[in-house]
Amino acid sequence: MASVLTLENVNVEGRTVIVRVDVNSPMAPDTKSFLDDTRIKAIVPTLNRLSKAKVVLLAHQSRPGKDDFTSTLGHSRELGRILGRPVKWVEDLAGDKAMAAIEALVDGDILMLNNVRMYDEEIKTKGTFEAMAETQMVQKLASVADLYVYDAFACAHRATPSGVGFTHLIPCVAGDLMANEIQKLDQALEHPTRPCIAVLGGVKVDDSIAVADNMLRNGICDEVWVTGGVANLMVELAGHDIGLVNHDFLVGELGKQWYPTVEKAKALLVDFPEKIMLPVDLAANIEDNRVDISLEQLPVSAPIFDLGIQSIRNLSAAIKQAGTVHLNGPAGVFELPDFALGTVEMLNACAESKAYVVVGGGHTATLIMKRNLASKMGHVSTGGGACLDYISGRSLPAVASLEASARAFSMETQSSINIQ
């Protein structure tokens, strides 16, 4: 379990607090209005805890070159609307305008700085926590702050100055969203109710194979059920010809990760043949029609877009009988109505199951929100890549930063922020 300090461990009243949030949101191309404000709403519990502090928000929107790469002015206004009180904004990050705006804050104020990805240091700085700390933005902001709060789980797998640069300069703690992510994921990884199954799909096949490897080799889950692109790869490696179009698609998606992913997947099939549950049938898109075929009917010259009917039934039954379910990735090309069946039935089974269901971020989480099923899940993660990295056993830079800061500052008694 990650050993980090949280807002429970600090006294923030009257302090200047830097908070790294992830409010990166889908926006309408023409009006730049928000299509989904879920991430903006997700930081409210942390801001409520900081109601007696001077709060400085670090955030990003998209990245250079993208159509939705814009300032955070709109985010500050949307956050103010959600909170019901003004959120100040400045078109600056760590220059004179930002320093003056921070200096003018009074207890209870919230100031959002401009998009951190509009500044070269955030994009181009690489290396250690110490290298991040040497950037001007971190040096200047740390000089006027008492505490740093990390509340951007969706960015936790990225090492950037705004995320890990403050590690050794000022005490760094997890915000409510971040602490909740760590606690809920640790619960499902370290003390899962049995039987524990992982349902892994989507097109991020290398990530899913890494998750399967970690969960099977460390005894976290009892079975791995594969769907989507992951299923296509495992079916092929188990000796079935999935057809050139499907093979080539996987090779193209994996790129340089093709060979290491195949080697790891082959090893899993050899070491855990009884625990990797392959589909028994698949659905191909033949002339824009759904056609279910058994594995014995392979190869197929058309693209495979979903699990077959019997495989969907088998997966749904396993989910309903499980004690814990780790769910990552859709079961097929759900954007096409004829091939959404596997994904829809998988999500319905999770909603009906008594299992503790942990849902990775990305497309799966978005679908669950759209279908109003979030309340029926144990935990829906706000981070796609970060969640996958965490449950695959990889170290997340932001978590490592918080752990390092906890070790550095927790021994200080009655410091400038009164760490308890």
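Remarks
- Taking the criterion of being surrounded by 16 or more Cβ atoms within 10 Å (Cβ to Cβ) and of a type in the set (D, E, K, R), the residues of region 55-91 that qualify are E78, K88.
- In summary, strands (runs of 3 or more DSSP E) completely within region 142-235 and bearing 1 or more residues that are within 23 Å of S3 (Cβ to Cβ) occur at 147-151, 172-174.
- Condition met for A283 (within 21 Å of F249 (Cβ to Cβ) and touching an Asp or Glu at 6+ places or on another chain (Cβ under 9 Å)): yes
- Test: residue in region 160-168 that is surrounded by 21 or more Cβ atoms within 10 Å (Cβ to Cβ) and within 19 Å of N9 (Cβ to Cβ): yes
This table checks each residue for (1) more than 25 Å from D271 (Cβ to Cβ); (2) surrounded by 22 or more Cβ atoms within 10 Å (Cβ to Cβ); (3) modelled with pLDDT under 95.
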| position | (1), (2), (3) |
| --- | --- |
| V173 | yes, yes, no |
| A179 | yes, yes, no |
| E190 | no, no, yes |
| D213 | no, no, no |
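- When residues of region 350-368 are limited to those that are surrounded by fewer than 21 Cβ atoms within 10 Å (Cβ to Cβ) and in contact with a Leu (Cβ under 9 Å, 6 or more places away or on another chain), the one modelled with the highest pLDDT: A351
The values are calculated or read from the model by the stated rules, or taken from the named source; none is laboratory data. These figures come from a predicted structure and were not determined experimentally. Here Cβ is always computed from backbone atoms with ideal geometry, including for glycine, and neighbour counts include all displayed protein chains.
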